Structure formats: structure tokens, C-alpha cells
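Enquirer: Below you will find the structure I want to go over with you.
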Amino acid sequence: MRRLAMTKAAALCAAVAFAAAMGPASAAPAGAPATPARAVAQPPRDTVLVDCFAKPQVRPADFVLACGDGNSRLAALRWTHWDTTSARAKGVNWLNDCEPYCAAGTFRSYPVVVRLDQTQSWKGHPPQQRYDRMTLTYTGDRPERSARTVTYALWD
């Protein structure tokens, strides 16, 4: 019985040693120099739009602007441009008129062009880049007492 256990243990050790020896040989072509992990180039990441829950978004279809109460959001976003320095979309800004107060208000939609720019490093996730500014341009009707173009600083 003891001899059988010793034989199994020896066979297991031999199998592990064989697998360990084969691992590196099958991972790199013969004669290829070993490359340190830090020297491997990472593919470029998309610049992100950080949402209310600190989650990175790339070309989102919807985006909440009023994180505290949800009284302003972008919807039906169709992105025509998204790169490392800026992004552009058309969509709708759904905005609560808060008349007579926000809980009793009515959501109204306004067509907008959205522009994202001023990229910078995302504090909690370097070297990830994020957009820091959003500009909305109302292309038709706009909210009462609102300028045609409105710019927001985005959260990190």
C-alpha cells in the first residue's frame, strides 16, 4: 500500500515537472528573446466618459447629467466622432421643468449636439484618459432661461 502511494506521488511530481518544463517552450517561439512584462506595449485605450457611479463609458446611448436627482439626462445618443481628444454626438436632453416643484414637474425633451473635450488622466485609474468637459448645444427649442450653448465640467 505504501509502495503504491510512493509510486503515485513520484508520477505526479514527474507530470508537474514535465508541464513546467513545457510551459515556457510552448509560450514563446524557439530563439525568441524573453520580453519583460513592463516592456510590452499596451493597446491604446479609448478615452472615457465617467458616469454617476464612477464607471467608464464609451459611446453611451444614455447618460445622466443630474446624478443627485436624475432631473436631466441625455438619451438616444448617436456618436459621430470619438477619439483621444474629443467626441461628438446628437441626441436628446430630457429635462425636468420642476414646475411647480421637481417631484411634480414634467420632463421635456430638447434636441442637442453633445461635445466632449479637455481630456485628462482619470485620478483613480491612471493612465486612463477621461473627458473633463461637456458642451450641449440646443438645436431647436431649449429650456426656458437657458442659453443655446451650455458647458459643464465633468466629474472625476
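Enquirer: Consider region 61-78. How many of its residues are of a type in the set (D, E, K, R) and outside any loop (DSSP other than H, G, I, E, B)?
Expert: Summing the residues that are of a type in the set (D, E, K, R) and outside any loop (DSSP other than H, G, I, E, B) in region 61-78 gives 2.
Enquirer: Another question about this same structure. Which pairs have Cβ atoms under 8 Å, sit 6 or more apart or on different chains, and link a residue in region 130-146 that is farther than 14 Å from Ala89 by Cα and free of Cβ contacts under 8 Å to residues at least 12 places away in the same chain to one that is in a strand (DSSP E or B) and of a type in the set (Phe, Trp, Tyr)?
Expert: So the pair list comes out as Ser146/Tyr138.
Enquirer: Could you please let me know if Pro100 is without any contact (Cβ under 8 Å) to a residue 60 or more places away in the chain, surrounded by 13 or more Cβ atoms within 10 Å (Cβ to Cβ) and either not aromatic (Phe, Trp, Tyr) or not assigned by TED's automatic domain parsing to the domain that holds Pro56 (or both)? Please lay out each step first, then the result.
Expert: Values: without any contact (Cβ under 8 Å) to a residue 60 or more places away in the chain: yes; surrounded by 13 or more Cβ atoms within 10 Å (Cβ to Cβ): no; either not aromatic (Phe, Trp, Tyr) or not assigned by TED's automatic domain parsing to the domain that holds Pro56 (or both): yes.
Answer is no for this residue.
Enquirer: Here is a follow-up. Any idea which of Pro143, Pro100, Pro126 is within 19 Å of Cys52 (Cα to Cα), not in a strand (DSSP E or B) and not hydrophobic (A, V, I, L, M, F, W, C)? Give the steps one after another, and end with the answer.
Expert: Numbers: Pro143 fails: within 19 Å of Cys52 (Cα to Cα); Pro100 fails: within 19 Å of Cys52 (Cα to Cα).
Just one listed residue meets the conditions, Pro126.
Enquirer: Sticking with this one: Tell me which of these Trp94 doesn't satisfy, since it passes every other one: (1) of a type outside the set (Ser, Thr, Tyr); (2) within 17 Å of the chain's Cα centre (by Cα); (3) assigned to a strand (DSSP E or B).
Expert: Trp94 satisfies all of (1) of a type outside the set (Ser, Thr, Tyr); (2) within 17 Å of the chain's Cα centre (by Cα); (3) assigned to a strand (DSSP E or B) except (2).
The values are calculated or read from the model by the stated rules, or taken from the named source; none is laboratory data. In this text, all values refer to a predicted model and were calculated from it rather than measured experimentally. Quick reminder, even Gly has a Cβ in these numbers, built from the backbone with ideal geometry, and neighbours come from all protein chains shown.
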